[in-house]
Amino acid sequence: MLAVLLLASVIGLSAADTPAHCLYEDVRGTWTFYETERLGDASISCDSLGPIVHVKNFTLTFPDTATDEQGNAGTWTLIYNQGFEVNINQRSYFAFSYYEGDWSSVTSYCDQTFNGWSRDTTVRNWSCFYANKTTEVPPRTVKKTAPKDTSQPYRNDPTLVEKINTMQSSWRAKEYPELEKYTVGEVQRRGGSVWPDVHSRPAPASATEEQKARVSLLPDSFDWRDVDGVSYVSPVRDQGGCGSCYAFASMANLESQVRIATQNQRQDVFSTQDVVSCSVLAQGCEGGFDYLIAGRYAQDQGVVSEDCNTYTGGDDPCITDSSCARTYVSDYRHVGGYYGACNEELMLEALVTTGPISISFMVYDDFYNYDSGIYHHTGLKNEFNPFEITNHVVLVVGYGTEETTGEKYWIVKNSWGDTWGENGFFRIRRGTDEASFESMAVQVTIIP
């Protein structure tokens, strides 16, 4: 029997997310979905299941096709390594992959899910479900050594800064004294905590000739902060010591979409605390995913203004007033259509034609000290396997090319305050999947 996922409510992944680690080949195959009666609404709780009245078999095939027993087709996508979403027969299903244990010792059972949520495409007729794969996947157990004490105060490392600036000239590093108000653990949570070593990772999806042709028609540079003198990017904010980058990037995404759709007649700042405290699709200050928040949460529950639930930077109880006005999205998707289809060309096209896009990437130790220039790090490539390790979510607002060196870059909004980097923004090398930057972008369609 599957253990029941303890969830607060449906009003309701970066740092910790969940400890599950399920990959593409673990999930691909045939699943049996066990679903309750479709009589609920968006407030449904799936803490426990009622009677099972619908039993469906869905086969998930490469790269993103889902089919049922009658041959009806739909789509599916991994959500990083945390779970998967299936959209078929005018219904949408999402559940986290099942695991036992915690971050020190966890066993992932990738042929099972926790209790999840299903609703139709009108976001009505909700139900709960769980799913089992019809073929067994060997459990994956990971044990870690005892973590280092991260409760000590954070201290800048001038030697690291000097080494960064001496070894290369593409970007500059500096010390940030304001970081020393945090503990080591809080600074790590700002960047998404620490992941185990990854010895190889795949390349982004190869660009087709059609994609290259479309991109050739785009401008050489573009910046949503200055489109004919007008900015469609909301102010930089500071997430503090909470691992809530996913909430800030998701809300920044929606804030820009509203500005674009209304020609800046609406300049909302949406509540990140509502996401941290109220969404069961994320793990509060321990992390979450923009696909689930800017996408599924914004479509299912809607987002509220900042003054409806002001940011505290902690895992506080949900206090969002049900009378607060909510803003919704009509559509959300991974750039390319599914996790594993993203590349530079598709990101460029989505950015220019639909607005800023949120992305996940890997924060390494040197990134905390970024001051200016075009950031870069190293990485490896492997056979098809869309999993690329990431731990921080940010918002891409533009792109360009350095005139003197010809180095291509993305322009990115961070959530570490406007005194960090280039007034709260940074540039990072473009076209090389730097730090997994081109692996997992998310675009949405807002309902203004």
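Grab the other residues whose beta carbon is less than 10 angstrom from that of Val161, score K and R as +1, D and E as -1, and report the net.
Taking every other residue near Val161 into account, the sum is -2.
Using a Cα-Cα cut-off of under 26 Å, which lysines could be cross-linked to Lys144, ignoring same-chain neighbours fewer than 8 residues away?
Reachable lysines: Lys381.
Order these peptides, 179-188, 238-247, by their mean beta-carbon neighbour count within 10 angstrom, highest first.
Order by mean packing, descending: 238-247, 179-188.
Would you mind getting me the FRET efficiency between Tyr182 and Val269? Use the beta-carbon distance for r and R0 = 25 Å, nearest 0.05.
Calculated transfer efficiency: 0.60.
Amide H of Glu422 versus every other amide H placed in the peptide plane: which residues, excluding those fewer than 5 positions away on the same chain, fall under 5 Å?
Correct list: empty.
Please give the net charge around Ser105, taking every other residue with its beta carbon less than 9 angstrom from that of Ser105, where Lys and Arg add +1 and Asp and Glu add -1.
Spelling it out: positives minus negatives among the neighbours equals +1.
Hey, what number do you get for the chain at 222 nm if only DSSP H runs of n ≥ 4 count, each worth -39500 (n - 2.57), divided across all residues, to the nearest 500?
For the chain, the value works out to -4000 deg cm²/dmol.
Tell me, how many Å apart are the Cα centres for the range 245-281 and for the range 294-342?
The range 245-281 and the range 294-342 have Cα centres separated by 7 Å.
Find the cysteines in the chain that fail to meet the 4.7 Å Cβ criterion with every other cysteine, and list them.
Cysteines lacking a close Cβ partner in the chain: Cys245, Cys342.
For a label point 7 Å from the Cα of Asn87 along Cα→C-beta, name the residues of the range 346-361 whose backbone N is under 17 Å from it.
In the range 346-361, the label zone of Asn87 (backbone N under 17 Å from the point 7 Å along Cα→Cβ) covers 350, 354, 358.
Binning every alpha carbon pair distance of the range 257-313 at 10 Å from zero, what are the percents per bin?
P(r) for the range 257-313, in whole percents per bin: 23, 51, 23, 2.
For the peptides 340-353, 119-132, 270-283, 40-53, what is the packing order when you average, over each peptide's residues, the other Cβ atoms within 10 Å and list the highest mean first?
Listed from highest to lowest mean packing, they are 270-283, 340-353, 119-132, 40-53.
Round to a whole angstrom and tell me the spacing of the C-alpha centers of the range 26-85 and the range 95-150.
The distance from the Cα centre of the range 26-85 to that of the range 95-150 comes to 13 Å.
Bear in mind these aren't lab numbers, they're just calculated from the coordinates by the rules spelled out. Please read these numbers as outputs of a predicted model, since none were measured by experiment. All Cβ positions, glycine included, derive from the backbone under ideal geometry; neighbour counts span all protein chains shown.
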